Amino acid sequence: MNAPSWLTVTHGTAPLLVSIPHTGIDLAGLENRLMSPWLGRRDADWWIDKLYDFAEELGATVVHTAISRTVIDVNRDPSGASLYPGQATTGLCPTETFDGDPLYRAGEEPGPSEVDERREKYFVPYHAALQAEIDRLRALHQKIVVYDCHSIRSVLPRLFEGTLPVFNLGTNDGKSADPALQAMVDEILAGTGETYVVNGRFKGGWITRNFGQPQNGVHALQMELSNRGYMREPEGKGTPDNWPVPYDPAFAAPIRATLKRILESAIAWAGR
C-alpha cells in the first residue's frame, strides 16, 4: 500500500527515528473556513525540517507530515484528552491559536464527526508509519531512540510565563527514556551556554509519551526549541509581513551543530 502524498518516510538503518509532526502547511482545503490561511499556518514549527535535514546523512529514519497542525495535531492524545491538565493548550483539531485567537470563521469549526474523519485520514496513518518504523528498527537494534522535533515562539503568555529557554528537552518526567540518555543530552545542552530545561513546561507530547517504552528498547525524547535559537524571531505575535522569518542557514548554524551532536550521540548511545 502506497503512503499518502502528504506523508514522507525516509528509511535509514541507524537506531534513530526522527519525527517531524508540525512543519506542515497544507491546510487540506480549509482555507475558506479559516479566519485567514496565514493564521492557520502561524503556529507551524517553521523550518524545523530544514534545521534537521542532516538526519538522513546520519542514517536516521525520518517521518514527516505535510498536513498543518491546524487540520489535526498528530502530537495530541487521539481521544482529545489534554496532555497538560490545568494548563492552556491546543486540542486535537485546534479551534484557536497558541495566543487564543479563533482559527475558524463563526460556525465553521469542525464537529465531532469531522474530527473523527480527520483522525482516521491523517492521525492514524502518521502513527502507523511511526510504529512500523519502530518495529523495523527494533528488529535491527537492541534499543533505538525516537526523537520528536518541535519549535515554538519564545514568548507566549497564554502558554507559559516569561521567555522560554532555548532548549526544552522532554522525557515525560523520565518515563519515556533511559536516565543515562537523558543525562547525556542534558550534558550537551549545558555545554552550549544557552538556556535550557529538562521536563519543564514541555515534557513531551503524545508521540513521546505513547512510543517511549524504555522497557521495550524504545527511548523517546522531545526537543522543543525556542524560535530565537535558529531564526531572527520578531517580537509579539508576528504579522503576515514579518512571519515566518525566512530560513537563514548561517544564523541557524550554531544550534544546528548542537542538534547534530545530540543526534550523533543518541545513535552512539543506542548502539552500545
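The values are calculated or read from the model by the stated rules, or taken from the named source; none is laboratory data. This is a predicted model, so every value here is computed, not measured. No Cβ is skipped: glycine too gets one built from the backbone with ideal geometry, and neighbour counts run over all protein chains shown. Remember, those area values only see protein heavy atoms, side chains included, never the ligands or the DNA or RNA. Shrake-Rupley method; radii C 1.70, N 1.55, O 1.52, S 1.80 Å.
Hey, can you tell me all the residues within the range 21-41 that are crowded, with 22+ Cβ neighbours inside 10 Å and within 15 Å of the chain's Cα centre (by Cα)?
Across the range 21-41, the qualifying residues are P21, H22, T23, G24.
Which residue pairs have Cβ atoms under 6 Å apart, sit 6 or more places apart or on different chains, and have a first residue in the range 125-152 that is touching a residue at least 12 places away in the same chain (Cβ under 8 Å) and within 26 Å of L164 (Cβ to Cβ) and a second that is part of a helix (DSSP H, G or I) and of a type in the set (S, T, N, Q)?
Listed by first residue and then by second, the contacts come to D148/T208; S151/N227.
Condition first: touching a Cys at 6+ places or on another chain (Cβ under 6 Å) and over 14 Å from L27 (Cα atoms). Now tell me which residues in the range 105-122 satisfy that.
Matches in the range 105-122: V115 only.
Which condition number does L159 fail, the rest of (1) out of contact with any helix residue (DSSP H, G or I) (no Cβ under 6 Å at 6 or more places or on another chain); (2) under 26 Å from Q131 (Cβ atoms); (3) assigned to a loop (DSSP other than H, G, I, E, B); (4) of a type outside the set (G, A, S) being met?
It is condition (2) that L159 fails.
With the requirement that a residue be of a type outside the set (S, T, N, Q) and open to solvent by 70 Å² or more (accessible area, probe 1.4 Å), what does the range 193-220 give you?
G193, E194, Y196
Looking at G174, G238, can you tell me which residue is crowded, with 17+ Cβ neighbours inside 10 Å and small (G, A, S)?
On the way: G174 fails: crowded, with 17+ Cβ neighbours inside 10 Å.
One residue alone meets the criteria, G238.
Just checking, how many residues over the range 183-231 are of a type in the set (D, E), within 15 Å of T163 (Cβ to Cβ) and not in a strand (DSSP E or B)? Don't jump to the end; show me each part of the working.
Initial filter on the range 183-231 (of a type in the set (D, E)): 186-187, 194, 224.
Subset that is within 15 Å of T163 (Cβ to Cβ): 194, 224.
When the remaining residues are screened for being not in a strand (DSSP E or B), the result is 194.
Of the residues in the range 183-231, 1 are of a type in the set (D, E), within 15 Å of T163 (Cβ to Cβ) and not in a strand (DSSP E or B).
Cβ-Cβ below 9 Å, separation at least six or inter-chain, first residue in the range 38-50 and at negative phi, second open to solvent by 20 Å² or more (accessible area, probe 1.4 Å) and outside any loop (DSSP other than H, G, I, E, B): which pairs?
Listed pairs, sorted by first residue: L39/P102; G40/E31; D49/H64; K50/P249.
Kindly list the number of the only condition in (1) within 20 Å of the chain's Cα centre (by Cα); (2) open to solvent by 10 Å² or more (accessible area, probe 1.4 Å); (3) touching a residue at least 24 places away in the same chain (Cβ under 8 Å) that fails for D186.
It is condition (3) that D186 fails.
Return yes when I207 is on the phi < 0 side of the Ramachandran plot and under 19 Å from the mean Cα position of the chain (by Cα) and no when it is not.
Values: on the phi < 0 side of the Ramachandran plot: yes; under 19 Å from the mean Cα position of the chain (by Cα): yes.
For I207, the condition - on the phi < 0 side of the Ramachandran plot and under 19 Å from the mean Cα position of the chain (by Cα) - is met.
Looking at (1) among the hydroxyl-bearing types (S, T, Y); (2) under 17 Å from I48 (Cα atoms); (3) open to solvent by 20 Å² or more (accessible area, probe 1.4 Å), can you tell me which one T163 breaks?
So the condition that T163 fails would be (2).
Of all residues in the range 116-131, count the ones that are hydrophobic (A, V, I, L, M, F, W, C) and open to solvent by 50 Å² or more (accessible area, probe 1.4 Å).
Count: 2.
In the range 49-104, what residues are open to solvent by less than 10 Å² (accessible area, probe 1.4 Å), farther than 22 Å from D26 by Cβ and aromatic (F, W, Y)?
F54
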